1. With the dipole of the chain worked out from charges on the C-beta (+1 for Lys and Arg, -1 for Asp and Glu) around the Cα centre, which of PRO21, PHE210, LEU115 lies farthest toward the positive end?
2. With just the Cα atoms defining each centre, how far is region 241-271 from region 157-198? Give it in Å.
3. Multiply the residue separation of ALA97 and ARG197 by 0.36 nm, subtract the distance between their alpha-carbon atoms, and state the gained length in nm to one decimal.
4. Taking the Cα centre as origin and putting +1 on Lys and Arg beta-carbons and -1 on Asp and Glu beta-carbons, what dipole magnitude results for the chain, to the nearest 20 debye?
5. Hey, rough spin-label estimate for ALA306 and ASP240, points 7 angstrom out along Cα→Cβ, what's it come to in nanometres?
6. If we restrict to alpha carbons, what Rg and Dmax does region 221-349 come to, in Å?
7. With each label point set 7 Å from Cα along the Cα-Cβ vector, what nm distance links ALA68 and GLU26?
8. Let me have the 222 nm mean residue ellipticity of the chain computed from DSSP H runs of 4+ only, each contributing -39500 (n - 2.57), with the sum over all residues rounded to the nearest 500.
Amino acid sequence: MRILDGHNDALLALWRAGAGPEGFLEGGVTEHLDLPRARAGGFAGGFFAVYVPVPGEHALEDLVVETADGYEVPPLAPLDPGYARRFAEAQIDLLFAIERASDGAVRVVRTAAELAACVEGDAVGAILHLEGAEPLDPELSLLEPLYERGLRSVGIVWSRPNAFGEGVPFRFPSSPDTGPGLTAAGRELVRACNRLRIVLDLSHLNERGFLDVAGLTDAPLVATHAGAHAVCPHSRNLLDTQLDLIRDSGGVVGLVFDVPMTSPESTRDPASPLGVLVSHVDHLVERMGIEHVALGSDFDGATMPASLGDAAGLPRLLDALRESGYGEDDLAALAHGNWLRVLAATWGA
Ligand code: ZN
C-alpha cells in the first residue's frame with residue numbers, strides 16, 4: 001500500500017552527513033529515509049522539512065536534563081534570522097537538486113493532483129515544508145517568493161520561541177500549555193497562509209498558539225507529526241480537546257513514530273513495540289474517527305522503534321494495524337487517503 005507521510009528530516013540528515021543529492025537517491029547516508037528505502041516501503045511522498053537546527057548543536061538528546069518526575073530540554077533561545085534564512089535556503093536548494101538529479105523519481109509537488117499521481121504511480125512526492133517560520137521576516141515579504149518556489153506548508157514554530165509564536169519545550173510529563181499564544185506577526189502569518197492556501201502545521205506549537213490558529217484559520221487543522229497526549233503525556237502531544245478541534249475542522253493528525261513521544265513512559269529505548277503506535281492510532285480513531293488519522297513518521301528526526309527500523313519497514317506498521325482489526329479501506333485512508341483529502345481542501349483542487 002502506498003504511503004503519504006507527514007514529516008521527515010531527510011534534508012537535515014543529508015546536510016549533517018555533508019552529502020549531496022546522490023546521498024538521497026543512492027541511499028546509505030541518512031538514518032531512515034532515502035529513495036531506495038522509500039521504494040522498498042511504499043513511501044509515495046510526504047512533507048520534507050526545512051528545519052534550522054540549534055547552532056553548533058547536533059543532537060537534541062545532549063540537551064536533555066532529568067526532572068523530579070521525568071525530563072526536559074530547557075527552553076531554547078530564538079534563532080538569528082540571518083542564520084535561519086541562509087540555512088533554510090541551502091536546504092531548499094538541496095531539495096530541488098535532488099529533484100533535478102532524480103530523473104523524475106522525486107518530484108516537488110505543488111498540487112494535490114501532483115501528489116495523487118505519486119500515490120498512483122511510483123515517484124516520491126516531496127512537499128516543501130518549513131518547520132519553524134524563522135526563515136520568514138515578520139513582515140512576510142519572503143513568504144510569497146517561497147510559495148512561488150514551491151513552499152506549500154509552514155509550521156509556525158519549532159520547539160522554541162520565534163517572531164510568530166512559541167513552541168513547546170520538549171518535556172515529559174507536561175501539558176502543551178507552556179506559554180503565550182501567537183504574536184501579532186503570527187496572526188498575520190495565519191491570514192497570509194490562508195490567502196496563499198499554504199498548510200499551517202500545528203506540531204510543536206503550544207496550546208494557546210494552537211487555539212489562536214483554530215480561532216483564526218479557514219483551513220482544516222493539521223498536525224503533521226504528533227501523538228495522543230492521553231497515551232503519552234508529552235508536551236508535544238495533542239490533548240483530547242485539541243483532537244476534537246482538529247476533527248471538527250475536517251483536519252488530520254499525522255502520527256509520529258518517535259519512541260519518547262509515543263511510549264507511555266516516554267522511554268528512549270528503541271525496543272518499544274509497534275503495538276505502542278497501534279495504541280495511539282486506536283486512541284486517535286476513537287476520539288476523531290479514522291478519516292482524521294494519518295502517518296507522520298519524523299524519519300531522520302526521531303528515534304524509531306527497532307521493530308519498524310526505517311522507511312523500508314512501513315509495511316510492518318500496516319501489518320500490525322491489520323492484525324489489530326483495521327480493514328483495508330481504513331488502512332487506505334490512514335496510509336494516504338486522508339492526507340490527499342486534507343491537502344486538496346487546503347491547497348485547492
Ligand atoms: Zn518536528
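A short reminder: the numbers here are calculations on the coordinates, not readings from a lab. Please read these numbers as outputs of a predicted model, since none were measured by experiment. Cβ coordinates were reconstructed from backbone atoms using ideal geometry, including for glycine residues, and neighbour counts include every protein chain displayed.
1. About the Cα centre, the residue reaching furthest to the positive side is LEU115.
2. 18 Å
3. Value of the extension gain: 33.5 nm.
4. 660 debye
5. 3.5 nm
6. In order Rg, Dmax, the Cα atoms of region 221-349 give 13.6, 43 Å.
7. 5.5 nm
8. Numbers: 14 runs with 132 residues, N = 349.
Helix-only estimate at 222 nm: -11000 deg cm²/dmol.
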